[in-house]
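Below: one structure, written as structure tokens.
A short reminder: the numbers here are calculations on the coordinates, not readings from a lab. Worth saying up front: this structure is predicted, and the values here are computed from it rather than measured. In this analysis, Cβ positions are derived from the backbone assuming ideal geometry, glycine residues included, and neighbour counts consider all displayed protein chains.
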Amino acid sequence: MAKTKSLLPIASAWDVPAFTIMDGNWKELEKTYGVPISNDVRQRFIKVTENYLEWGAFERNAQPISKARKRIKRLIPILMTD
């Protein structure tokens with residue numbers, strides 16, 4: 001299994017993708033699941049998906065913690081010098 005890198009919990013996100021579901025897509029989902037999807041559920045689904053995409057952009061842009069640690073180790077001796 002691939003080892004994942006720890007990421008800094010701060011990042012900026014400029015590439016948040018747009019998300020829409022057209023009426024035909026809702027009909028296809030209803031057909032697939034065999035039940036109608038109410039407007040309330042549709043709106044909640046869209047909101048949750050947009051939230052996921054927004055936070056995913058931060059994950060994609062977050063820098064590895066290892067870079068921050070290296071920089072801190074390099075700066076500490078400089079800052080400790082009087």
Convert each backbone phi in the range 24-35 into a coupling constant with the Karplus relation 6.51 cos²θ - 1.76 cosθ + 1.60 (shift: θ = phi - 60°), then list the ³J(HN,Hα) values in order as whole Hz, x for Gly and Pro.
-> x, 5, 4, 4, 5, 5, 4, 5, 4, 8, x, 9
Under the 7 Å Cα-to-Cβ spin-label approximation, N39 and R74 lie apart by a distance in nanometres of 5.7 nm
Return an integer: the convex hull volume of the alpha-carbon atoms of the range 23-80, in Å³ per residue.
-> 112 Å³
